[in-house]
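Remarks on the structure that follows.
The values are calculated or read from the model by the stated rules, or taken from the named source; none is laboratory data. As the structure is a prediction and not an experimental result, all values here were calculated from the model. Quick reminder, even Gly has a Cβ in these numbers, built from the backbone with ideal geometry, and neighbours come from all protein chains shown. Heads up: the accessible areas ignore ligands, DNA and RNA and are worked out on the full protein's heavy atoms, side chains in. Shrake-Rupley method; radii C 1.70, N 1.55, O 1.52, S 1.80 Å.
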Amino acid sequence: MITSLSAGQTWDPVAYERNARFVADLGAPVVELLAPRPGEDVLDLGCGDGVLTERIAATGARVRGCDASVELIQAARARGLNVDWVDAHALPYSAEFDAVFSNAALHWMTRPAEVIAGVRRALRPGGRFVGEFGGFGNVAAVVTALIAVLDRRGMDGAAAKPWYNPTPEEYAVLEAHGLRVDEIRLIPRPTPLPTGMAGWLETFAEPFVRRLPEAERAAAIDEALHLLAPSLRDASGQWIADYVRLRFAARRA
Ligand code: BEZ
């Protein structure tokens, strides 16, 4: 089994490549918002297997990645990237980056004040913090179905939700930590799933599913798919997840 600093979720890089490649592909607008410049020092916070880190490096910026999953860090190193295995709640960097970038990772970091304080420390004065993650209402139908499946088995499904999905107003906590917000907004983004909802659940629903005895897991997943199909599967059979992104750009004062 995979070792990870991230509670409740393990990562299999092969399954991630199969089920979740779209996560990096859809991150292109966030790289555009970052607008990396040649020679800049950039930290990719929650870099995963490094696909976007590599794209940022291709602009000529000097990029360092960091992630809580040792398996994804190994996958990023295999791309020749400079990456650290760290807990984002205790970032070890001090005034060494012109920008901190993050795509589809901050919702896994459930103590945002600690993360933001570490980002501020990592930035040089005037440095940018640019990112996107699951905002308020993100995959709400999926979360509701997974909670229902656990509740029906006598468990507290809501307590299993591992994701931090703030409103823009809540994430203005950035300002309290010395980061001036230039822009912040929610972007609904219905997202076709290349391997369907079963593939998505295989990669991302572990924090819910692992609470069940192994023998009950397949039936629980089937039940979640049954609950979700009327809302998230279109007439052609394509599953479309109800993603809502929170996109922001801020800078250290
Ligand atoms: C997201 O990118 O929004 C996401 C990814 C995995 C689980 C939940 C949300």
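Values for this structure:
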| item | result |
| --- | --- |
| Yes/no for residue 231 being open to solvent by 60 Å² or more (accessible area, probe 1.4 Å), more than 21 Å from residue 12 (Cβ to Cβ) and assigned to a loop (DSSP other than H, G, I, E, B) | no |
| Single unsatisfied condition, residue 199 versus (1) assigned to a helix (DSSP H, G or I); (2) surrounded by 17 or more Cβ atoms within 10 Å (Cβ to Cβ); (3) within 16 Å of the ligand (Cβ to nearest atom) | (2) |
| Complete set of residues in the range 86-134 that are more than 16 Å from the ligand (Cβ to nearest atom), surrounded by 18 or more Cβ atoms within 10 Å (Cβ to Cβ) and either modelled with pLDDT under 95 or assigned to a strand (DSSP E or B) (or both) | 97, 98, 99, 100, 123, 127, 128, 129, 130 |
| Residues satisfying the stated conditions in the range 13-41, i.e. away from the ligand (no atom under 15 Å from the Cβ), among the hydrophobic types (A, V, I, L, M, F, W, C) and touching a residue at least 40 places away in the same chain (Cβ under 8 Å) | 31, 33, 34 |
| Search result, residues across the range 42-60 that are surrounded by fewer than 19 Cβ atoms within 10 Å (Cβ to Cβ) and either charged (D, E, K, R) or touching a Gly at 6+ places or on another chain (Cβ under 6 Å) (or both) | 54, 55 |
| Per-region count, the range 135-185, residues within 16 Å of the ligand (Cβ to nearest atom), hydrophobic (A, V, I, L, M, F, W, C) and assigned to a loop (DSSP other than H, G, I, E, B) | 3 |
